[in-house]
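J.: This structure is in structure tokens; I'll ask about it shortly.
The values are calculated or read from the model by the stated rules, or taken from the named source; none is laboratory data. Computed from a predicted model, the values in this text were never measured in an experiment. So basically every Cβ, Gly included, is an ideal-geometry build from the backbone, and we count neighbours across all protein chains shown. With ligands, DNA and RNA removed, areas are computed over all heavy atoms of the protein, side chains included. Shrake-Rupley method; radii C 1.70, N 1.55, O 1.52, S 1.80 Å.
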Amino acid sequence: MGKKIVEVKDLCKNFYNKEGEIKVLENISFDLDEGEILTLLGPSGSGKSTILNILTNLLEATSGNVEIKGKIGYMFQKDNLLDWRNILDNIKIGLEIQGKKNDSEANEKIEYLLKTYDLWDFRNMYPKELSGGMRQRVALIRTLSVNPDILLLDEPFSALDYQTRLLVCDDVYRIIKNENKSTIMVTHDISEAISISDQVAVLSPIPATIKKVYDINLEMGAEKTPLESRKVPKFQFYFDKLWKELDNREV
């Protein structure tokens, strides 16, 4: 086992409305090891994004403990690119916020990322000129530009059509692994979770608990990519297990 870079223990979150208290998260506990990809898998409305928002301090937990050993980069479901800024200027937003727009080392990092991941030739184009898949790659490069230790991905492929989704998932996986970023992703897509993850934590409907954490070992070694993962026999084995965990129908 590697070094733990995120530790979440007994996390609870309640919201309040005019009807009263709504318990969304109940005693959520999980760890993320350095360099690994953990996916939080659960039905829509099960509190997955709430967990990410607590990890980034956008929300305060009702109770529980969160320990994070590093800087976080948060990639949202929508790319949130600014239409009036070109791709390079969109990527530099994080540096501007940190007051590092003219930092030579940071700008060299951005140039490296753009050239390595085939976006350099598009740096002077505008978001409306790019495909949805390329926009998501730009959003990831923007997140990486501030050099985070931990990536949080909130359903990053859900706005894409199916074929693009598969291809972009491969791109994002390659970038994450090449840059050796510890990652927590949320999704409600079982196949996506299996194909990209080292571990999958299955959430129940609210009040959400973690039903089980699965170690995903498709026995592919360095050949693993999300697209190729879907073709190996053990993929179906994990799919069946996770499907049963998420199937809440009365029998």
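J.: Counting only residues that are part of a helix (DSSP H, G or I), of a type in the set (Ser, Thr, Tyr) and free of Cβ contacts under 8 Å to residues at least 40 places away in the same chain, how many does segment 106-138 have?
T.: Total meeting the criteria: 1.
J.: Could you tell me which numbered condition GLU7 fails, if it satisfies all but one of (1) surrounded by fewer than 16 Cβ atoms within 10 Å (Cβ to Cβ); (2) closer than 27 Å to ILE175 by Cα; (3) modelled with pLDDT under 95?
T.: Here GLU7 clears every test but (3).
J.: Looking at THR143 and the list (1) part of a loop (DSSP other than H, G, I, E, B); (2) buried (at least 18 other Cβ atoms within 10 Å of the Cβ), which single condition is not satisfied?
T.: Condition not satisfied by THR143: (1).
J.: Something else about it: For segment 119-133, name all the residues that are at pLDDT below 90 and surrounded by 17 or more Cβ atoms within 10 Å (Cβ to Cβ).
T.: Residue satisfying the conditions is GLY133 alone.
J.: Out of the residues in segment 188-212 that are hydroxyl-bearing (Ser, Thr, Tyr) and touching a strand residue (DSSP E or B) at 6+ places or on another chain (Cβ under 6 Å), state the one that is least open to solvent (accessible area, probe 1.4 Å).
T.: Looking at residues that are hydroxyl-bearing (Ser, Thr, Tyr) and touching a strand residue (DSSP E or B) at 6+ places or on another chain (Cβ under 6 Å), I get SER197.
J.: Can you tell me which residue in segment 156-187 is surrounded by the fewest Cβ atoms within 10 Å (Cβ to Cβ), limited to those that are in contact (Cβ under 8 Å) with a residue 40 or more places away in the chain and of a type in the set (Val, Ile, Thr)?
T.: Within segment 156-187, the match that is surrounded by the fewest Cβ atoms within 10 Å (Cβ to Cβ) is ILE175.
J.: Still on this structure, I have one more. Do we have LEU151 as closer than 29 Å to LEU40 by Cα, among the hydrophobic types (A, V, I, L, M, F, W, C), in a strand (DSSP E or B) and in contact (Cβ under 8 Å) with a residue 40 or more places away in the chain here?
T.: Yes: the conditions hold for LEU151.
J.: Looking at segment 64-122, which of its residues are charged (D, E, K, R), under 12 Å from ARG137 (Cα atoms) and in contact with a helix residue (DSSP H, G or I) (Cβ under 7 Å, 6 or more places away or on another chain)?
T.: If the condition is that a residue be charged (D, E, K, R), under 12 Å from ARG137 (Cα atoms) and in contact with a helix residue (DSSP H, G or I) (Cβ under 7 Å, 6 or more places away or on another chain), then ASP79 is the only one that fits.
J.: Going by what's in this entry, would ILE206 be described as of a type in the set (A, V, I, L, M), in contact with a Phe, Trp or Tyr (Cβ under 9 Å, 6 or more places away or on another chain) and more than 26 Å from ARG142 (Cα to Cα)?
T.: No; evaluated as a whole, the condition is false for this residue.
J.: Kindly evaluate GLU21 against the criterion of being in contact (Cβ under 8 Å) with a residue 40 or more places away in the chain, in contact with a strand residue (DSSP E or B) (Cβ under 6 Å, 6 or more places away or on another chain), farther than 23 Å from ARG174 by Cβ and open to solvent by 20 Å² or more (accessible area, probe 1.4 Å).
T.: Against the criterion (in contact (Cβ under 8 Å) with a residue 40 or more places away in the chain, in contact with a strand residue (DSSP E or B) (Cβ under 6 Å, 6 or more places away or on another chain), farther than 23 Å from ARG174 by Cβ and open to solvent by 20 Å² or more (accessible area, probe 1.4 Å)), GLU21 does not qualify.
J.: Further question: Restricting attention to segment 213-231, and to residues there that are farther than 15 Å from THR39 by Cβ and of a type in the set (Asp, Glu), which single residue is surrounded by the most Cβ atoms within 10 Å (Cβ to Cβ)?
T.: This residue is GLU228.
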